[in-house]
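Take a look at the structure set out below.
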Amino acid sequence: MKRSHFFAYLARMKFIRRWGLMRNVVTENIQEHSLQVAMIAHALAILRNTRHGGDADAEHAATLALYHEVSEVFTGDMPTPVKYFNTDIRANYKEIEIAALQKLQATLPEDLAPVYAPYILAPEEDPLWPLVKAADTLAAYLKCAEEISAGNSEFDEAYATLERKLRESDVPEVRDFIEIFVPSFSLTLDELNRSGTDA
């Protein structure tokens, strides 16, 4: 049976640090980030179904989110100011990102490759992709809030930008998530234990 490097590459996600140009109180890698995005995407799909009359596959949304950063095992995490510095850099980076995803997809056995292709090669074509992108923004917003609460003003501008983006989001489940879950992130463990679910 032919061996595959696919999951060995994915295991290296834990070595790719996010927010590389910024001073971090708590470092974050893309494996940790992807797990949080998957949890939030799952929650957004559930909110869509329970509060907005939707019929979203929450597990599928979570799986899309788990794989949303996998190209970075080859490219690393390109800081946003660099990635969006101008249209040429953005276009070139997109080409590099596509090549990285194709390289990763090519490591899969032939019989498994078609199963993973929608997650690796074409996630943006999925109807649930907007939930994943919203979850990605929420996770970044929560990271900024965590850094600011630890006294790190380095994240002030990113926080303001992400807050504005979330406020302008056309994904209604984002507002639900912010109202229900986000306030608890500012509490200490003792405060969480004291307040239970009545915060």
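The values are calculated or read from the model by the stated rules, or taken from the named source; none is laboratory data. Since the structure is predicted, the reported quantities are computational estimates derived from the model, not experimental observations. Note that each Cβ is placed from the backbone with ideal geometry, even for glycine, and that neighbours are counted across all protein chains shown. Quick note on the areas: whole protein, heavy atoms, side chains included, nothing else; ligands and nucleic acids left out. Shrake-Rupley method; radii C 1.70, N 1.55, O 1.52, S 1.80 Å.
Summary table
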item	result
Pick from region 143-157, criterion touching a residue at least 24 places away in the same chain (Cβ under 8 Å) and buried (at least 19 other Cβ atoms within 10 Å of the Cβ), ranking: farthest from residue 98 (Cα to Cα)	147
Residue list for region 103-133, restricted to those being among the aliphatic types (A, V, I, L, M), under 30 Å from residue 168 (Cβ atoms) and without any contact (Cβ under 8 Å) to a residue 24 or more places away in the chain	121, 122
Region 86-121: number of residues that are at pLDDT below 95 and within 16 Å of residue 63 (Cβ to Cβ)	0
From 136, 170, residue being free of Cβ contacts under 8 Å to residues at least 60 places away in the same chain and under 26 Å from residue 47 (Cα atoms)	170
Helices (runs of 4 or more DSSP H) lying entirely in region 127-199 (those with 3 or more residues that are small (Gly, Ala, Ser) and within 20 Å of the chain's Cα centre (by Cα))	129-149
Among (1) touching a residue at least 24 places away in the same chain (Cβ under 8 Å); (2) of a type outside the set (D, E, K, R); (3) assigned to a loop (DSSP other than H, G, I, E, B), the one test that residue 38 misses	(3)
Condition check for residue 170: within 22 Å of residue 60 (Cβ to Cβ) and either of a type in the set (D, E, K, R) or open to solvent by 80 Å² or more (accessible area, probe 1.4 Å) (or both)	yes
Selected residue (criterion: most open to solvent (accessible area, probe 1.4 Å)) from residues of region 57-83 that are at pLDDT 95 or above and more than 22 Å from residue 11 (Cβ to Cβ)	59
Residues located in region 14-35, provided they are under 12 Å from residue 139 (Cβ atoms) and part of a helix (DSSP H, G or I)	30, 32, 33, 34, 35
